[in-house]
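> Got a structure here, written out as C-alpha cells. Questions coming.
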Amino acid sequence: TAPFARLNPDTCVVTFRVDLASAINKGGYSVGDTVQVQSGFFGTGAVNAKTKNLIQVIGSKYQVIDTIVTKVGAILDYQYYTVKFGQTNRENYYNFTYSGPTQSEAERRQFTVPSKNFIITDYDTSVISARREPVFPSVRVLARKVRVTYTVDLRPALYQVVLHNDTLDAIQGTTVVTRAVKDSIFKWGVWINGLAVGGWGNPNGSDWGFDLVNNPIKKMYDDGTHGDKVAHDSIYSMQIVDSPDSLNLGTRNVVGQVFKFGIYGSDNEGGRGGYGNNHGENIVDTDTSYTIASDFGSINPKFYSAWNYDLHKPILTSVQPLPGVVKAFALEQNYPNPFNPSTTIEFSIPLTAQVQLRVYNILGQEVATLVNETLKVGRHSVTFDASRLATGIYMYKITAGNFVSTKKMLLLK
C-alpha cells in the first residue's frame, strides 16, 4: 500500500553525522569514494530522495548540513549511499523496530524530528542499534577465484523457542519452528538461499520449502565436511567457489553478497515478519579463500532477545518487573554478595529508557550483557549466572539515558 502524502510545514536544518569505519573495514567503502545521504522518503520530506554529498571531517567520520522541509515531531526517513564504479549503491540496512503499514519503508533509517535545527549521529558499533554505522555492498568484480565458506550458528533459534517460547514463522515454505519441535531444529538442519549461492530460485521455480531442501548446492553441514571445522557444534557450513567469470550465477562474480538462512529450507529466519531483511556481506578477495560467519536471526535481532549478536553468545537472563513507585534512577547492590554462582541485581528507572546493564572483569573486559533493551518506568531485577566465570571481583554498570552507575560484586567459588 502506498503511503499517504504528509503535510511538511517546517523548514529544518539537519546535520547528518556518520562514521564509515565499519563500511571501510568490510570493504564497501574506500576513502575517495562518493558517499551520499538521501532523505524525505515516503512523504516524510517535501522532496523525496533529496540528495547531499557528505564530506570527510576527520578519519572515518563524515558529515553534511542540509535544509529539509519536513515536520517537527514527525519521522524523517533517510538512507546512506555510495557512488562507485559509476553505480549508486544503497547501504545494507533494516529497521528492526519498524511497525508501519508499508513493508519497504523498513529498509530506510528513521529519526523523529525534535526541532527546526537538529543533528542525526550514526556512530554506533552495535549491530542492533538503529543508529549503527552503515555498511555497503561492493559491486566490484572479484580480483581472483575465491573459495567462500559460509557458516551459521543455529543456537539463537534454539534459545529463542526454548527460553522465550517464541515461534519462528515460515514466510515461504512450511516449516514453522516452535518449542514443541525444539528437538528437531538440529535434526532438520539449515539451508542457505539467495544471490550469494546462485539465486533465489531453482531453474524450475520456487526455492523455499521442499524445493530448497532438495537442492544439495544450498545445503549446510555440521558433520566436519563441506568446510565445517567442528562436527556437531551447532555451527553449520557450506562452501562455494566464486570467480570473476561466474556470470549469470547470482552475484558470484562480485564482492558483495546477499543471502538468507532457513531451518529445513523454509523462510523462517526472520522470526515473525522480516520479509525482505537479508544478510549483506562482502568477500575479501586478497586471498583464494574467505569465511563469512553469521548468527542465525541476526537479520532481525530485536526479535531474537535470547541472543547477544554483538558478543555472539546467549543471554541467559530475563528482566523482571518489581512493585513500587520510582522517582529517581538507582542501581542497587547485588544480593547475595559474595555469591556463587548466581546473584540478583535490582535497578530503578523513573522514565522509559534504553537500558544497558553489563558486567566487566577486573581488567575492564566485558564478560556479560544482562540487559540491552528499552524498559518502562519502574523497578526491575535481573539474575546474573556466573557459573562459567572464575572467582574474583567483577563490576556491573548500568547506562539508562544520561544515568550511569557502577558497583562491585565478588564471586567466590
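The values are calculated or read from the model by the stated rules, or taken from the named source; none is laboratory data. Remember, it's a predicted structure, so these values are computed and weren't measured experimentally. Backbone-built Cβ (ideal geometry, glycine too); neighbour counts: all protein chains shown. In case anyone asks, the SASA skips ligands and DNA or RNA and just uses the protein heavy atoms, side chains included. Shrake-Rupley method; radii C 1.70, N 1.55, O 1.52, S 1.80 Å.
> Kindly indicate whether Gly43 is at positive phi, open to solvent by 20 Å² or more (accessible area, probe 1.4 Å), in contact with a strand residue (DSSP E or B) (Cβ under 8 Å, 6 or more places away or on another chain) and modelled with pLDDT under 95.
no
> Given Thr369, Thr406, which one is open to solvent by 50 Å² or more (accessible area, probe 1.4 Å) and in a strand (DSSP E or B)?
Thr406
> Take the conditions under 29 Å from Thr286 (Cβ atoms), open to solvent by less than 70 Å² (accessible area, probe 1.4 Å), touching a Gly at 6+ places or on another chain (Cβ under 7 Å) and modelled with pLDDT of 95 or more and apply them to Val190. Does it pass? Full working, then the answer.
On the way: under 29 Å from Thr286 (Cβ atoms): yes; open to solvent by less than 70 Å² (accessible area, probe 1.4 Å): yes; touching a Gly at 6+ places or on another chain (Cβ under 7 Å): yes; modelled with pLDDT of 95 or more: yes.
For Val190, the condition - under 29 Å from Thr286 (Cβ atoms), open to solvent by less than 70 Å² (accessible area, probe 1.4 Å), touching a Gly at 6+ places or on another chain (Cβ under 7 Å) and modelled with pLDDT of 95 or more - is met.
> Still on this structure: How many residues does the stretch 95-116 hold that are open to solvent by 50 Å² or more (accessible area, probe 1.4 Å) and assigned to a strand (DSSP E or B)?
1
> If you go through the stretch 131-166 one residue at a time, how many are surrounded by fewer than 16 Cβ atoms within 10 Å (Cβ to Cβ) and closer than 25 Å to Lys218 by Cβ?
Result for the stretch 131-166: 4.
> May I ask you to list the residues in the stretch 372-394 that are open to solvent by 40 Å² or more (accessible area, probe 1.4 Å) and among the hydrophobic types (A, V, I, L, M, F, W, C)?
The answer is Val377, Ala390, Ile393.
> Scanning the stretch 169-187 for residues that are hydroxyl-bearing (Ser, Thr, Tyr) and open to solvent by less than 70 Å² (accessible area, probe 1.4 Å), which turns out nearest to Ala157 (Cα to Cα)?
Thr178
> Another question about this same structure. Considering only residues that are at pLDDT below 90 and of a type in the set (Val, Ile, Thr), which ones fall in the stretch 144-170?
Val161, Val162 - these are the residues of the stretch 144-170 that are at pLDDT below 90 and of a type in the set (Val, Ile, Thr).
> Starting from the stretch 387-398, take each residue that is in contact (Cβ under 8 Å) with a residue 40 or more places away in the chain and list its partners that are among the β-branched types (Val, Ile, Thr) and open to solvent by 70 Å² or more (accessible area, probe 1.4 Å), counting only C-beta distances under 9 angstrom and pairs at least six apart or across chains.
Tyr396/Thr406; Lys397/Val404; Lys397/Thr406; Ile398/Val404; Ile398/Thr406
A quick yes/no check of all residues on (1) closer than 24 Å to Ser305 by Cα; (2) modelled with pLDDT under 95; (3) within 21 Å of the chain's Cα centre (by Cα):
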{"site": "Arg179", "(1), (2), (3)": "yes, yes, no"}
{"site": "Ile185", "(1), (2), (3)": "yes, yes, no"}
{"site": "Thr225", "(1), (2), (3)": "no, no, no"}
{"site": "Ser234", "(1), (2), (3)": "yes, yes, yes"}
{"site": "Ile240", "(1), (2), (3)": "no, no, no"}
{"site": "Leu247", "(1), (2), (3)": "no, yes, no"}
{"site": "Ile263", "(1), (2), (3)": "yes, no, yes"}
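> Something else about it: What are the residues in the stretch 117-130 that are surrounded by fewer than 14 Cβ atoms within 10 Å (Cβ to Cβ) and assigned to a loop (DSSP other than H, G, I, E, B), if any?
Within the stretch 117-130, just Thr125 meets the criteria.
> Conditions: (1) of a type in the set (Ser, Thr, Tyr); (2) touching a residue at least 12 places away in the same chain (Cβ under 8 Å); (3) open to solvent by 60 Å² or more (accessible area, probe 1.4 Å). Thr343 meets all but one. Number of the miss?
(3)
> Quick one: count up the residues across the stretch 202-228 that are closer than 23 Å to Glu269 by Cα, open to solvent by 50 Å² or more (accessible area, probe 1.4 Å) and in a loop (DSSP other than H, G, I, E, B).
Total meeting the criteria: 3.
> Where residues in the stretch 291-331 are more than 18 Å from Lys376 (Cβ to Cβ) and charged (D, E, K, R), which of them is surrounded by the fewest Cβ atoms within 10 Å (Cβ to Cβ)?
Asp310
> Would you mind finding the one in Arg140, Arg132 that is in contact with a strand residue (DSSP E or B) (Cβ under 7 Å, 6 or more places away or on another chain), at pLDDT below 95 and either farther than 23 Å from Ser298 by Cβ or of a type in the set (A, V, I, L, M, F, W, C) (or both)?
Working: Arg132 fails: either farther than 23 Å from Ser298 by Cβ or of a type in the set (A, V, I, L, M, F, W, C) (or both).
Matching residue, one of Arg140, Arg132: Arg140.
So that you can scan it fast, the table gives a plain yes or no per residue for (1) touching an Asp or Glu at 6+ places or on another chain (Cβ under 6 Å); (2) at pLDDT below 95; (3) open to solvent by 50 Å² or more (accessible area, probe 1.4 Å):
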site: Asp19; (1), (2), (3): yes, no, no
site: Val31; (1), (2), (3): no, yes, yes
site: Lys61; (1), (2), (3): yes, no, yes
site: Asp66; (1), (2), (3): no, no, no
site: Gln79; (1), (2), (3): no, no, no
site: Tyr93; (1), (2), (3): no, yes, no
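Matching residues to (1) over 30 Å from Thr286 (Cα atoms); (2) in contact with a Leu (Cβ under 8 Å, 6 or more places away or on another chain):
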| position | (1), (2) |
| --- | --- |
| Ser30 | no, no |
| Gln36 | no, yes |
| Ile58 | no, no |
| Tyr62 | no, yes |
| Thr67 | yes, no |
| Thr82 | no, no |
| Thr88 | no, no |
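> Let me ask something else. Within the stretch 285-296, can one find any residue that is assigned to a loop (DSSP other than H, G, I, E, B) and within 21 Å of the chain's Cα centre (by Cα)?
Scanning the stretch 285-296, I find at least one residue that is assigned to a loop (DSSP other than H, G, I, E, B) and within 21 Å of the chain's Cα centre (by Cα), so the answer is yes.
> When you go through (1) at pLDDT below 95; (2) not in a strand (DSSP E or B) one by one for Leu357, which number turns out not to apply?
(2)
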